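Each value in this text was obtained by applying a stated rule to the coordinates, not by laboratory testing. These numbers come from a predicted model, not from an experiment. No Cβ is skipped: glycine too gets one built from the backbone with ideal geometry, and neighbour counts run over all protein chains shown.
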Amino acid sequence: MQRKQNIMWIVIAVIAALFFADEILGFVGAVIGIVFSIGFTGLLLLALAAGAFALAVFVGCSVGLALTIATVALVLSLFGWLLPYLLVGFLVYLVVRKKPNTV
């Protein structure tokens, strides 16, 4: 009986794959695209921080000050990258928050 159920599930999976192939491939492509875009953006942000550190050291700053400058550059670039998400989150908060009662 177990063998018959396994074959049935395989047949159902093949039929579902035939009917929903476009959706499945689109979903897989979207996930891969998100992973690549976040990965490349993260590498770019780290390169920006490393460049800020190198520039600060070359100018003659101490290592501590150069690390501070690199950290500030990283925070500002992350803020710029996340700004649209922060704005959307703030707008959602404004819509769903409980308004205070005026007396």
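The simple Förster model, with R0 at 25 Å and r as the Cβ-Cβ distance, assigns residue 72 and residue 40 a FRET efficiency of 0.65. What's the whole-number percent of alpha carbon pairs in the chain lying beyond 15 angstrom? When every Cα pair of the chain is considered, 78 percent fall beyond 15 Å.
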